[in-house]
Every structure is written in C-alpha cells, then in structure tokens.
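The values are calculated or read from the model by the stated rules, or taken from the named source; none is laboratory data. Keep in mind that what you see is a predicted model, and the values were worked out from it rather than measured. All Cβ positions, even for glycine, are placed from backbone atoms using ideal geometry, and neighbour counts span all protein chains on display. To get the accessible areas, we keep the full protein, side chains included, count just its heavy atoms, and leave off ligands, DNA and RNA. Shrake-Rupley method; radii C 1.70, N 1.55, O 1.52, S 1.80 Å.
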Amino acid sequence: TDFDSKKKRKVAEIYQALNSDPIDVAALRRMAISEGGLLTDEIRCKVWPKLLSVNTDDLPPLPAGKELREDNKDYQQVLLDVRRSLRRFPPGMPDDQREGLQEELIDIILHVLKRNPQLHYYQGYHDIVVTFLLVVGDRLATALVEKLSTHHLRDFMDPTMDNTKHILNYLMPIIDQVNPEVHDFMQSAEVGTIFALSWLITWFGHVLSDFRHVVRLYDFFLACHPLMPIYFAAVIVLHREQEVLDCECDMASVHHLLSQIPQDLPYETLISRAGDLFVQFPPSELAREAAQQQAERTAASTFKDFELASVQQRPDTVLRQRFRERLRGEERTKSILTKPRTNRFVKLAVMGLTVALGAAALAVVKSALEWAPKFELQIFP
C-alpha cells in the first residue's frame, strides 16, 4: 500500500541520515517532526541520543540502587509517585516485569538528582522518565534524561515554580494570536492556565493513555525548541474551540472541560499546526505579552499597595491613588479590547501553506540550537 511504501522510504531516509558522516542531525530533526515521527522504538534508540547530542559510546554504568536510596531526600516522594504510575506501563505486562521496571525507574531518577544537585524533583518528572525507560532501556534512558533535565526540563526543576509559571504564560498569547474569541472567552471565565500544567511538565505523558501517541509527541518535542510543548497545548485548546465556546463561561466549567484531554486527537494535524504557529509567532515575539501576564497575576503587584498603605501614608491618599490607577487600568483595557485584530482566516490560510513543515522544521531547528536553558536572559530586553 501507499502508506507502507511511504514508511519504508522514511526508514531508509532516517538510516541514511544516521550513516552519513558527520551524522545529518538536521535531517533527523525533520524526520522526527514530519508525519509519523520516528516510526519505531528501534529507530528511536538510535535517533533520540542524536537529537539530544548524547554520546552513546561511553555510557557510565549505573550505580547500585541501595546506596542511592539510603540518604536521598527525594526517595520517599519518588517511591510514592512511581508506585502510583501503574497505568504508564503497557496493559497486560506481567507484574514482576513491571515491578522490575519500577525499581529501575526509581534508580534512574535518584541517579540524575544525585549527580545534579541543582535540579529539584517535581511530581510528574517520573512520567517523562518512564517514557524513556520503556523505549530505550535503563542505561540509555539515564543518559538521555540527564541531558534533558539540564536542558529542556531545566525550568521545571528549579526550587520554585516561577519559571514553570512563566512558560505557562505563553499559552494565552498564542491562543490570542490565532483565535481572539477563544482567548477573550477564557479570560472572562478567569480559567487561567493551570489546566495545562500537567501536560507541560510531563510532556503529555501523564494525560494520554495511548503510549504510541506519547512517543510520537516525544519525537516532536525532542527535535524542537523547548517551548514547543506549550505551543502544542495551545493547539489542543484551539482544536476544541467549539466545545470551549459552548461551555458555561465560568472558571470551574471551563477548567473541567479543558483538563479532560480528548484521547482521539488528530495528532499529526496538531503537530503540524504547532510547528506552524511556532514559525509565525516565535517565543521572542510573545515574550512581552507573557511577561505582562506574569505581572498582572503575581501577588507582588497586589502586595505593593498594601505595603504602601501600611507604611506612613494616610489611607485616603492610597485610595485616591488606587482609584487613579484603576481608571488608567480601565483605559488600558479599553484600548486592548479595541486593538485591531488580524483577520484570523488570513492566518489560517498562511498556516496551510507551511503544513508541509519544511519551513517549520528548519525554523524550529535553528531556534533549538540557539536556546539556552536560562531563557529569560535572552528574551527580555
């Protein structure tokens, strides 16, 4: 059939890229992004290390689990999370095999944390690690996860949630660019972005029940800029436009709707669309709006006027000042509500043009290489 011949051709192209000297990593990235991703776990074992520039020739041996566990502050939490992770293993896997893998999972996590004391464990991290363990086995998984934890996942592994929240703040500006109506509806419902937190920090591993879809997304994310999962989250929300707009416009209803992720998503279409959006609205363009979201949401902004009041000012000056600020705020809201919106149908037409992902793949690859883990340094002027 046509599909099989296409698949054979792709496999051949992947091996050609792997066997060229030097290895054609840009081609491998394109293969990981384009339709079907990397196709098989056997290929993933060869390509994932290349996408993360991990040298597979000298993988360090894994330390014995016992010494890792004895004095590790995260051990109890990791143990609890891993015990709860039953549904992340293939249905029908024999218990003893699964329990063996769960022990390996604990060791990999503790090993990476021990070698990188600057990283902090978070709940959901094990959902990412188990995906690697099931695809590439424990030794290679350890090396890949360590690299990933110091790069793509770095911001989730800070002592505070600040950087994770900052990444979530990109969600609404992306939605706003494509579909102002959905954006404004969500703003009115005051739903926030917490519904997408588990998607983001587990790369959707926690919320998708079909393992094939999870690894397909991992192919995509490993080949792309570290912010791609938030673009993918935006695309899922946009895909559900009608459901969202038909929902009661209140926080509980919209949050409930969005946090239940449909299992039958058209993954290839959404991956391709996320790539398009990334090219059209790169993070650098959205950074200011994301920062604005941050400023409006933080407790610090509400704390300031409280502080003013409690220092030495008379209450009436504070009230007058606050009233003036509110007027200014209303003016700003008016200007935001009346700001000209680009016609989204024009945008959707543009999207169709790049769906082949040639352009998207190249742009994404280029930006992936420029990314530094501490990204606020570059993005904010």
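Structure summary
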| quantity | calculated |
| --- | --- |
| Projected label distance in nm at residue 69 and residue 15, using a 7 Å step from Cα toward the beta-carbon | 4.2 nm |
| Hz values of 3J(HN,Hα) by residue in segment 4-17 - Karplus curve (6.51, -1.76, 1.60), Gly and Pro given as x | 4, 5, 5, 5, 4, 4, 5, 4, 4, 5, 5, 5, 4, 5 |
| Among the listed pairs 50/165; 8/46; 50/147; 10/46; 46/66; 114/165, those beyond 19 Å (Cα-Cα) | 50/165; 46/66; 114/165 |
| With every protein chain in place, segment 161-289: carbon and sulfur % of accessible area (1.4 Å) | 51 percent |
| Karplus-derived 3J(HN,Hα), 6.51/-1.76/1.60, for each residue of segment 250-266, Hz, glycine and proline x | 9, 4, 4, 5, 5, 4, 4, 4, 6, 6, 8, 8, x, 8, 9, 5, x |
| With DNA, RNA and ligands ignored, accessible area of residue 190 (1.4 Å probe; Å², nearest 10) | 140 Å² |
| R0 of 41 Å, Cβ-Cβ distance residue 239-residue 2: FRET efficiency to nearest 0.05 | 0.95 |
| For segment 189-242 versus segment 99-132, the gap between their alpha-carbon centres in whole angstrom | 21 Å |
| Label-to-label distance, nm, for residues given as residue 80 and residue 35 (7 Å Cα→Cβ offset) | 4.6 nm |
| Exposure of residue 111 as accessible area (Å², to 10), given a probe of 1.4 Å and all protein chains | 20 Å² |
| Charge sum, other residues only, whose C-beta stays under 13 Å from residue 28's C-beta, Lys/Arg counted +1 and Asp/Glu -1 | +3 |
